[in-house]
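Read the figures in this text as sums done on the coordinates, not as results from a lab. Every value quoted in this text rests on a predicted model; they were computed, and no experiment measured them. Don't worry about glycine lacking a Cβ; one is built from the backbone with ideal geometry, like all the others, and counts go over all protein chains shown.
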Amino acid sequence: MSDAKANPGPTLGPEIPSGIEVPEVVTGDMVEGSGERPGVYPFTRGIFPNGYRGRLWTIRQYSGFGSAEETNARYKFLLDQGQTGLSVALDLPTQCGYDPTHPMARPEIGKVGVSLSSLSEMELLFDGIDPGAISTSFTINGTAPIIYAMYVAAADKKGVARDRLTGTIQNDILKEYVARGTWIFPVKPSMRLIADTILYANRQTPRFNPISIAGAHFRDAGVSAIEEMGFTLADGLAYVDELLARGGDVTHFARRLSFFFYVHMDLFEEVAKFRAGRRLWAKLLRERYGVTDPKALMFRFGVVCGGSSLIASQPYNNIVRVGIENLAAVLGGAQSIFTCAYDEAFQIPTETSAEIAVRTQQIVAYESGAARTVDPLGGSHYVEWLTDEMETGMRQVIDEIEAYGGAVKAIEEGYLQSRTAQAAKRRKEKIDEGETVVVGQNHFRRDDGTNDFGEVFRLDPEVSARVLEKYQAILDSRDNAAAEAALGALDEAAGEDGENLLPYLIECCHAYATVGEMVAVLKARWGEFQEPVKF
Amino acid sequence: MALNGKRILIAKPGLDGHDVGAKIIALALRDAGAEVIYTGLRKSPEYIVRVAIEEDVDAVGLSILSGSHLELVAETVKALADQGAEVALFVGGTIPQTDHAALAAAGAAGVFTAEMKVADVVAAVAETLAK
């Protein structure tokens with residue numbers, strides 16, 4: 001037998017994943033000392049003068065599976081464990097606008113989220129939970145205006161005043177065309193629906209964020225941290241233009257635009273990404289639209305820690321990864337954080353893994369000390385240098401998209417789609433070649449059973465049958481004439497471009513019209529998006 | 001190249017919208033010499049089988065990340081059998097290890113996950129198609 005030898009491991013390169021080469025030492029003369037303070041323009045150091053001292057971020061775990069009853073029970077468990085906000089994951093039929101009886105829907109019922117086919121399911125989801133007392137986020141896009149309408153209708157029925165509702169609806173269709181794929185209608189009517197939702201929500205539910213402009217899905221689909229922010233801000237500008245075209249007041253609606261990103265593993269790259277993005281958004285609104293109201297310039301964002309940075313090999317290592325990403329999110333000043341469970345790379349989290357993910361946030365919040373002072377990395381030569389470099393890179397990405405004709409055109413013609421696919425291929429090649437180190441996968445790998453993990457999540461096989469049964473029961477018990485009248489009014493309003501569709505959607509929800517019925521009405525008017533198949 | 005002269009359909013059955021893996025594999029198979037057709041998102045198993053027959057492909061690769069792989073593979077296998085199509089079927093995506101054997105038993109010639117090297121996936125496809 002030969003003697004044991006140390007494994008020297010791979011060489012650590014000087015480049016961060018975005019491609020910026022990092023000097024061995026960054027010195028003070030390489031950065032401009034700004035003396036900036038948090039809470040004032042351009043907000044590099046954060047949007048609040050007192051950071052997390054005033055209020056901690058929201059611990060908001062994305063969760064939902066099966067039927068409304070199972071998900072309601074999981075929410076109560078998470079709230080018991082100290083989660084401070086809800087985040088609703090919806091199943092694909094609900095996201096794509098199919099009722100559970102549709103042939104495309106059947107295999108997908110309750111798989112990646114909860115099935116919400118009508119108001120009655122929303123009522124079950126919030127059984128024993130007060131929507132006026134807890135902020136709730138919905139990851140929904142193609143059918144976002146409908147789910148928002150359903151949430152408002154559920155609050156109405158519970159007697160909760162609309163102005164007490166807090167939370168967020170993702171409602172960002174542009175990135176769906178590039179990554180994630182739950183688009184339904186063509187781009188133009190989709191932009192109208194989004195603007196309708198934002199303008200209506202600003203008036204009726206003023207504390208609710210009616211959009212969360214998301215970079216997360218671009219990132220997980222393959223692009224770099226710089227492109228993630230660049231694509232997102234370009235989308236943000238497209239929404240601002242649409243809202244202005246529909247008569248919105250930027251100083252008013254910009255206060256309720258929020259953002260959403262992934263946090264991957266390079267801690268300083270992520271911190272710099274958030275600092276640079278926050279600063280750049282404020283500058284863009286000021287430079288282009290003359291916005292000066294600080295509240296309208298504030299870049300508020302939520303994050304998810306995990307995603308494609310989590311792997312199935314040696315899954316317990318993912319707990320460490322999420323811990324580091326969680327820290328990066330806090331050092332970057334996130335307003336709400338979702339930490340993925342270690343088994344999220346391959347299944348719906350079990351109760352045990354979901355609890356570890358919540359505890360991770362509590363450890364970072366209360367033990368690490370990272371939340372004690374605002375922007376603790378501010379003034380670090382490296383972080384300030386990298387923030388500047390990344391801001392320059394983001395501006396360049398936005399310029400490239402604008403040179404193409406803007407985000408809407410770049411998406412309709414598939415430019416961002418093929419750019420993302422090419423980036424994904426390069427990212428995968430770097431991992432396959434071992435240049436990007438993934439511990440336990442392409443380096444320090446073992447194939448001897450250490451990939452096992454404790455508990456397998458099994459979705460109740462009866463879920464589908466239960467969902468279908470409840471769906472039929474609603475069709476049988478509702479006032480069909482009322483549902484048809486509400487759908488007819490929606491149809492007519494959809495034909496009038498100047499009409500805001502939200503009051504009509506809320507009426508449909510109150511009449512227990514289903515998601516599939518509302519989508520069918522709008523599809524008949526507008527048709528469906530024709531995907532440019534580019535790779 | 002390993003896949004010269006082969007025609008392969010990469011397909012997204014069901015409602016899952018995650019297409020990064022499908023596109024990476026499509027690009028790699030093309031680089032290896034295959035003629036690759038990609039369906040785009042949200043296709044029914046019947047549609048996929050119809051395209052497979054019309055395009056006279058040697059293999060179909062299904063990409064599924066929504067957890068519906070057991071149902072969707074079974075439906076695709078049945079649609080292929082109904083049409084009497086003899087095509088190698090591969091499955092890729094978020095497929096738990098515990099389901100690999102079931103998919104093989106259902107008729108999948110290979111099951112691929114995100115952590116596999118792309119070169120290994122291409123080699124496995126080439127080996128099956130050389131038989």
Positive-end residue, the protein assembly as shown charge dipole about Cα centroid, Cβ charges, pick of A:LEU331, A:LEU193, A:ILE47: A:ILE47
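Using a cut-off of 15 Å between beta-carbons, work out the net charge of the residues near B:ALA81 (Lys and Arg +1, Asp and Glu -1, B:ALA81 not included). Could you put the intermediate results ahead of the total?
Working: positive: B:ARG50, B:LYS78; negative: B:GLU46, B:GLU75, B:ASP82, B:GLU86.
My count for the surroundings of B:ALA81 gives -2.
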So for region A:43-139, Kirkwood radius off the Cα pairs, Stokes-Einstein at 4 °C and 1.567 mPa s: how many µm² s⁻¹? 88
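Roughly how big is the protein assembly as shown's charge dipole about its Cα centre, with Cβ charges of +1 (Lys, Arg) and -1 (Asp, Glu), in debye to the nearest 20? Before the final figure, lay out the partial values.
Working: 64 positive and 90 negative charges, 270 e Å.
The dipole of the protein assembly as shown has a size of about 1300 debye.
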Put a dot 7 Å past each Cα toward the Cβ at B:THR98 and B:GLU46; how far apart are the dots in nm? 3.3
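Summing +1 for each Lys or Arg and -1 for each Asp or Glu, what net charge is found among the other residues whose Cβ lies under 9 Å from the Cβ of A:LEU501? If you can, show how the numbers build up before the last one.
On the way: positive: A:ARG192; negative: A:ASP196, A:GLU499.
That works out to -1.
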Give me the orientation-averaged projected area of the Cα convex hull of the protein assembly as shown, in nm², one decimal. 30.7
Net charge around A:ASN72, counting only other residues with Cβ within less than 12 Å of its Cβ (Lys, Arg = +1; Asp, Glu = -1)? -3
Charge dipole of chain A about the Cα centre (unit charges at C-beta), most positive-ward option of A:LEU12, A:ALA154, A:THR71: A:ALA154
A:VAL533 paired with A:THR251, simple spin-label distance in nm, labels 7 Å along Cα-to-beta-carbon: 5.1
Residue-averaged [θ]222 nm for the protein assembly as shown, counting only DSSP H segments that reach four residues, each worth -39500 (n - 2.57): -14500 deg cm²/dmol
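Note the direction-averaged projected area, equal to a quarter of the hull surface, for the Cα convex hull of region A:203-325, in nm². Walk me through the numbers before you get to the answer.
On the way: hull surface 33.7 nm².
About 8.4 nm², averaged over all directions.
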Quick check: pseudo-label points 7 Å beyond the Cα along Cα→Cβ at A:ARG37 and B:GLU35, how many nm apart are they? 6.9
For residues of A:427-434, the mean tally of beta carbons on other chains within 10 Å: 4
With r as the distance between the Cβ atoms of A:SER418 and A:GLN472 and R0 = 41 Å, compute the FRET efficiency 1/(1 + (r/R0)^6) and round to 0.05. 0.40
Can you pull out the trypsin sites (Lys or Arg not before Pro) in region A:457-535 whose DSSP state is coil and whose Cβ has at most 13 other Cβ atoms within 10 Å? A:ARG458
Take every residue in peptide B:108-121, count the Cβ atoms of other chains within 10 Å of its Cβ, and give the average of those counts. 3
In whole Å, what three semi-axes, largest first, describe the equivalent ellipsoid of region B:7-128 built from its Cα gyration tensor (square root of 5 times each eigenvalue)? 18, 17, 14
Got a sec to turn the phi values of region B:7-16 into Karplus ³J(HN,Hα) couplings, 6.51 cos²θ - 1.76 cosθ + 1.60 with θ = phi - 60°, whole Hz, x for Gly and Pro? 10, 10, 9, 9, 9, 10, x, x, 9, 4
Potential lengthening between A:ASP130 and A:THR11 on full extension [0.36 nm per residue; Cα-Cα distance subtracted]: 37.6 nm
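Average partner chain C-beta neighbours within 10 Å, per residue of A:95-107?
Values: counts 2, 6, 1, 2, 0, 0, 0, 1, 4, 6, 2, 4, 14.
Neighbouring Cβ atoms belonging to other protein chains average 3 per residue here.
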For A:HIS443, distant residues with modelled amide H under 5 Å away: A:VAL438
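If you average the sequence gap of Cα pairs under 8 Å that are 6 or more apart and divide by the length of chain A, what percent do you get for the contact order?
On the way: 954 pairs, mean separation 107.3, N = 535.
Computed value for chain A: 20 percent relative contact order.
Can you list the trypsin sites (Lys or Arg not before Pro) in region A:1-60 that are in a DSSP coil and have 16 or fewer other beta carbons within 10 angstrom?
Working: sites: A:LYS5, A:ARG45, A:ARG53, A:ARG55, A:ARG60; in loops: A:LYS5, A:ARG45, A:ARG55.
Sites meeting the loop and neighbour criteria: A:LYS5, A:ARG55.
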Using only the alpha carbon atoms of region A:1-95, find the Kirkwood hydrodynamic radius as the inverse mean reciprocal pair distance, in angstroms to one decimal. 19.6
Projecting each Cα onto the charge dipole of region B:7-128 (Lys/Arg +1, Asp/Glu -1 at the beta carbon, about the Cα centre), which of B:ALA32, B:THR94, B:VAL60 comes out farthest on the positive side? B:THR94
Give the range of the longest stretch in chain A that excludes all GluC sites (Glu not before Pro) found in loop regions by DSSP and having at most 11 other beta-carbon atoms within 10 Å. A:33-366
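Kyte-Doolittle cut-off -1.0, length cut-off 15 Å along the helix's own axis using Cα: show which whole DSSP H helices in chain A pass.
Values: long enough: A:68-80 (18 Å, -0.80); A:144-158 (21 Å, 0.57); A:187-204 (25 Å, -0.08); A:225-245 (30 Å, 0.74); A:267-289 (33 Å, -0.57); A:317-331 (22 Å, 0.93); A:351-366 (22 Å, 0.05); A:381-404 (35 Å, -0.59); A:415-432 (26 Å, -1.57); A:463-477 (21 Å, 0.15); A:480-494 (21 Å, 0.51); A:515-526 (16 Å, 0.72).
Qualifying helices, which must be both long enough and hydrophobic enough, are A:68-80, A:144-158, A:187-204, A:225-245, A:267-289, A:317-331, A:351-366, A:381-404, A:463-477, A:480-494, A:515-526.
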